[in-house]
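As structure tokens, the structure follows; a few thoughts come after it.
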Amino acid sequence: MGGFGSRSRRKGIPNEPALLAAAAENPGGSVAEIDPTYIDDPNGYVPSEAIRGAWLVDSSGKLTGEYQKNPRHGVPQDDFRRLTVPDHWLGWLGDDPAIAVRKGIEESLRAQVADAVVEWVKILETPRFLTGGRRHPEDEQVMLVTRAALAAPFALSVRTTPHGRSILLGVFSWAAVNLSPPGVRKDRHWFDLGVELDWAGERLQGRSYEIDGADGTAER
């Protein structure tokens, strides 16, 4: 909770059984206060914006009465920094890779539930990237990119009519082939829930070649 604001002392210490039990399990630490407006299950993934603040706990596991407000508390926002910060070429995703990946995630969800509305998406780790190409036939110093792929671990909130809000964790993968020459490009998405990044990363190359099709037109 070191990133929160300054401490203050509240007049009354909450007498909530769940809060007191959590404090007893974290002596010398702190217990977060989750805003139920944004999160239905405080035991699942909780975005930092959904934390109102934290109660400090003494060495015996009791609340001290000191409270640290979270200055970032509010509506959770998209966070694609781990996608765009790495120095990796993402030109195959267009001018704004974050928007492209978000749209791909939305399309994957709406393919399952037509009225799915994505509230926010956070990329949790640096994605795994895969890029393949060949030498330019007229200039060996130029590399033509023929295929590219990524696997991005995410947490997201989605609302649907049948289920209301759901917080989902998993890996979104995207592969594209026939990037050179233009005009015959093929793309495919994979939306894997409850898997680790290593699992999805190991499948990137194989998945990219799955797109080739029986006609064998995809470049290698």
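Which FRET efficiency, nearest 0.05, do Asn15 and Gln112 yield, Cβ-Cβ r, R0 45 Å?
0.55
At 1.4 Å probe size, with every protein chain present, just tell me what the per residue accessible area of the stretch 40-132 comes to in Å².
Solvent-accessible surface per residue comes out at 53 Å².
Which ³J(HN,Hα) values in Hz, rounded to whole numbers, follow from the phi angles of the stretch 162-168 under the Karplus curve 6.51 cos²θ - 1.76 cosθ + 1.60, where θ = phi - 60° and Gly and Pro get x?
Once θ is set to phi - 60°, the couplings for the stretch 162-168 become x, 10, x, 8, 9, 9, 10 Hz.
If you place +1 on the Cβ of every Lys and Arg, -1 on the Cβ of every Asp and Glu, and leave all else neutral, what size is the dipole of the chain about its Cα centre, to the nearest 20 Debye? Could you put the intermediate results ahead of the total?
Details: 26 positive and 31 negative charges, 117 e Å.
The calculation lands at about 560 debye.
Using a Förster distance of 41 angstrom, determine the FRET efficiency expected from the C-beta separation of Ala24 and Thr84, and round it to 0.05.
E(calc), rounded to 0.05, equals 0.45.
Could you go through the stretch 18-31 in sequence order and give the Karplus-derived ³J(HN,Hα) for each residue, using 6.51 cos²θ - 1.76 cosθ + 1.60 with θ = phi - 60°, rounded to whole Hz, and x for Gly and Pro?
Result, rounded to whole Hz: 5, 5, 5, 5, 5, 5, 4, 8, 10, x, x, x, 8, 10.
How far is helix 97-110 tilted off the main Cα axis of the chain, in degrees rounded to 10, range 0 to 90?
Between helix and principal axis, roughly 80 degrees.
Tell me, what % of the accessible area of the chain is carbon and sulfur with a 1.4 angstrom probe?
49
What is the set of long-range amide H partners of Gly170 at a cut-off below 5 Å, with H atoms built 1.01 Å from backbone N?
HN-HN under 5 Å from Gly170: Phe154, Gly194.
Using the beta-carbon distance between Ser180 and Asp40 and R0 = 35 Å, what value does 1/(1 + (r/R0)^6) give for FRET efficiency, to the nearest 0.05?
0.15
Tyr209 to Glu196: extension gain in nm, 0.36 nm per residue of separation minus the Cα-Cα distance? Mind showing how you got there, number by number?
Values: separation 13, 0.36 × 13 = 4.68 nm, distance 2.13 nm.
Taking Tyr209 through Glu196 to full extension adds about 2.6 nm, to one decimal.
Ignoring everything except DSSP H segments at least 4 long, calculate the 222 nm mean residue ellipticity for the chain; use -39,500 (n - 2.57) per segment, divide by total residues, nearest 500.
Helices in the chain give a 222 nm mean residue ellipticity of -4500 deg cm²/dmol.
Please check the chain for the longest run free of GluC sites (Glu not before Pro) that are loop-located per DSSP (anything but H, G, I, E, B) and have at most 16 other Cβ atoms within 10 Å.
Numbers: sites that count: Glu25, Glu125, Glu138, Glu196.
In the chain, the maximal stretch lacking such sites is 26-124.
Just in the stretch 28-125: which chymotrypsin sites (Phe, Trp or Tyr not before Pro) are loop by DSSP and have at most 12 other Cβ atoms within 10 Å?
Passing sites in the stretch 28-125 are Trp89.
Based on the alpha carbon coordinates of the chain, what radius of gyration and maximum Cα-Cα distance (Dmax) apply, in Å?
22.6, 77
How many Lys pairs in the chain lie less than 19 angstrom apart by Cα atoms, where the lysines are 8 or more positions apart or on different chains?
Final tally of qualifying lysine pairs is 4.
The values are calculated or read from the model by the stated rules, or taken from the named source; none is laboratory data. Just so it is clear, the model here is predicted, and its values are computed rather than measured. Backbone-built Cβ (ideal geometry, glycine too); neighbour counts: all protein chains shown. These accessible areas exclude ligands, DNA and RNA; they are computed on the full protein's heavy atoms, side chains included. Shrake-Rupley method; radii C 1.70, N 1.55, O 1.52, S 1.80 Å.
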